[in-house]
Amino acid sequence: MRIRPGRPRLDDYARYFDLPVAPDDAPLTITWAGVTTLLVTDGASSIMTDGFFTRPSLVSVGVRRLASSRERIDAALTRLGVDRLDAVIPVHTHFDHALDSAAVAARTGAELVGGRSVAHLGHGLPDDRVRVVDPGSKVAVGAFDVTMIRGHHCPPDRYPGDITAPVVQPARVSAYRCGEAWSIVAAHRPSGRRALIVGSAGYVEGALAGQQADVVYLGIGQLGLQSESYIETFWQETVRAVGARRVVCTHWDDFFRTLDRPLRALPYAGDDLDVSMTTLARLAETDGVSLHLPALWQPVEV
């Protein structure tokens, strides 16, 4: 099969970058920081998915061992205004999600929360700051009740399977196996607001039945390589399943490019944002759901 050169133009999707900045008195906000890194906060209690800020180059990933960059982590946390976190929750343990998770937890005093694969990334943290959860379990984290629901990685999964031994940096990209792939329902107790964070464009049929969310942050990495019927089922098993009226698409940005440079879409060789947005826009219009792309560093009210 011939690989299509180039990458989608983000300018073609400018109308989707339309979410307003949250007002100062918003009870709960979500801020996107690339891929599926999200800061969910009420100003006093905060959780973060992934915390992936190092974003090594494609060459580094291909030929070198990977290690977290403290400088890039500190710069991103400063930009987000984060000193403390209640929890860091990787959506799965591929490098483009979990490379920096333990380092961010160490830097912010957070618990590292996830499955058994995550525990092998957090071996340098105190035991009481690594929380291993079972699928379907609800855990109290600060002002949030977080429900961890087992999902699937979008095909193809280049590094499938669990992490079964401690990962010591610097480490090969292959050490960061997928592990448990999660959909995360974050329920904010004080406001009653609920967000679903889907880290990968995979699904387990019926897994989200009975869940509810006001907004879905929908990971769409590699979704554009799937068939139209797959995309429709993915929408059914995530957005429709929880009755959300707003969808914000994540994991479309080129994660080999550092956050101090303008964002760009993943190349066609790895994904096709054009296909994803065309189909998702049709589904959103049919269901009366608003569809958006997030702006980097911008807090949005839930």
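The values are calculated or read from the model by the stated rules, or taken from the named source; none is laboratory data. Because the structure is a prediction, the values reported are computed rather than measured. With ideal geometry, Cβ positions are generated from the backbone for all residues, glycine too; neighbour counts draw on all protein chains shown.
Those residues that are closer than 25 Å to V185 by Cβ and surrounded by fewer than 24 Cβ atoms within 10 Å (Cβ to Cβ), I need them from segment 36-61; list them, please. Within segment 36-61, L39, D42, G43, A44, S45 qualify.
Mind checking whether some residue in segment 199-212 is closer than 30 Å to G62 by Cα and either touching a helix residue (DSSP H, G or I) at 6+ places or on another chain (Cβ under 6 Å) or surrounded by fewer than 18 Cβ atoms within 10 Å (Cβ to Cβ) (or both)? Within segment 199-212, one or more residues are closer than 30 Å to G62 by Cα and either touching a helix residue (DSSP H, G or I) at 6+ places or on another chain (Cβ under 6 Å) or surrounded by fewer than 18 Cβ atoms within 10 Å (Cβ to Cβ) (or both). Contact map, segment 12-28: residues that are loosely packed, with under 14 Cβ neighbours inside 10 Å paired with residues that are modelled with pLDDT of 95 or more and part of a loop (DSSP other than H, G, I, E, B), Cβ distance under 8 Å, separation 6+ or inter-chain. Pairs shown: F17/L293; F17/P294; F17/A295; V21/Q298. Looking at D214, D254, D260, D274, just one residue is within 14 Å of the chain's Cα centre (by Cα), acidic (D, E) and at negative phi, and that residue is D254. Just checking, which of L77, L99, L39 is free of Cβ contacts under 8 Å to residues at least 40 places away in the same chain and under 17 Å from the mean Cα position of the chain (by Cα)? After ruling out the rest, the residue left standing is L77. Taking every residue in segment 215-234 that is within 19 Å of S183 (Cα to Cα) and pairing it with any residue that is buried (at least 22 other Cβ atoms within 10 Å of the Cβ) and of a type in the set (F, W, Y), at least 6 positions away or on another chain, the pairs with Cβ-Cβ distances below 8 Å are Y217/W32; I220/W252; G221/W252; L223/F234; T233/Y203; F234/Y203.
Just one of the listed residues (P166, P160, P170) is touching a residue at least 60 places away in the same chain (Cβ under 8 Å), loosely packed, with under 14 Cβ neighbours inside 10 Å and farther than 20 Å from D214 by Cα, namely P170. Considering segment 242-277, the residues that are more than 27 Å from F53 (Cβ to Cβ) and in contact with a helix residue (DSSP H, G or I) (Cβ under 9 Å, 6 or more places away or on another chain) include one that is surrounded by the fewest Cβ atoms within 10 Å (Cβ to Cβ), namely R245. Pairs are defined by a Cβ separation below 7 Å, a sequence spacing of at least 6 or placement on different chains, a first member in segment 43-72 that is without any contact (Cβ under 8 Å) to a residue 60 or more places away in the chain, and a second member that is surrounded by fewer than 16 Cβ atoms within 10 Å (Cβ to Cβ); no pair meets this definition. What's the number of the only condition in (1) among the charged types (D, E, K, R); (2) out of contact with any Gly (no Cβ under 7 Å at 6 or more places or on another chain); (3) within 24 Å of V215 (Cβ to Cβ) that R70 fails to meet? Exception for R70: condition (3).
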